[in-house]
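Notes to accompany the following structure.
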Amino acid sequence: MLKVINQQDINTCDEIYKKITSIKSELHELVQTFGIVHELTVAKSQELDTVVNEYMSLKNQY
């Protein structure tokens, strides 16, 4: 059985994807600017993992 995707779900997925892209960009900038600053990169990496998990959970519903 196919699930119907509504516009709100698409918007939510788009917003989560934008968060992922933003966090990845910040993480890349931190690494380039400061080298590997362990605490900052670990924190951003964990934030990215959280958002990716949220995105994948939503995506897997469809």
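Applying the selection to region 39-62, what residues are small (G, A, S) and either within 13 Å of E26 (Cα to Cα) or in contact (Cβ under 8 Å) with a residue 60 or more places away in the chain (or both)?
A43, S45
For the list (1) exposed (fewer than 11 other Cβ atoms within 10 Å of the Cβ); (2) modelled with pLDDT of 80 or more, I need the number of the one condition that Q7 fails.
(2) is the only condition that Q7 fails.
Looking at T41, T21 in this structure, which one is out of contact with any Lys or Arg (no Cβ under 8 Å at 6 or more places or on another chain), of a type outside the set (D, E, K, R) and at pLDDT below 80?
When all the criteria are applied, what remains is T41.
The values are calculated or read from the model by the stated rules, or taken from the named source; none is laboratory data. Please read all numbers here as calculations on a predicted model, not as lab measurements. Quick reminder, even Gly has a Cβ in these numbers, built from the backbone with ideal geometry, and neighbours come from all protein chains shown.
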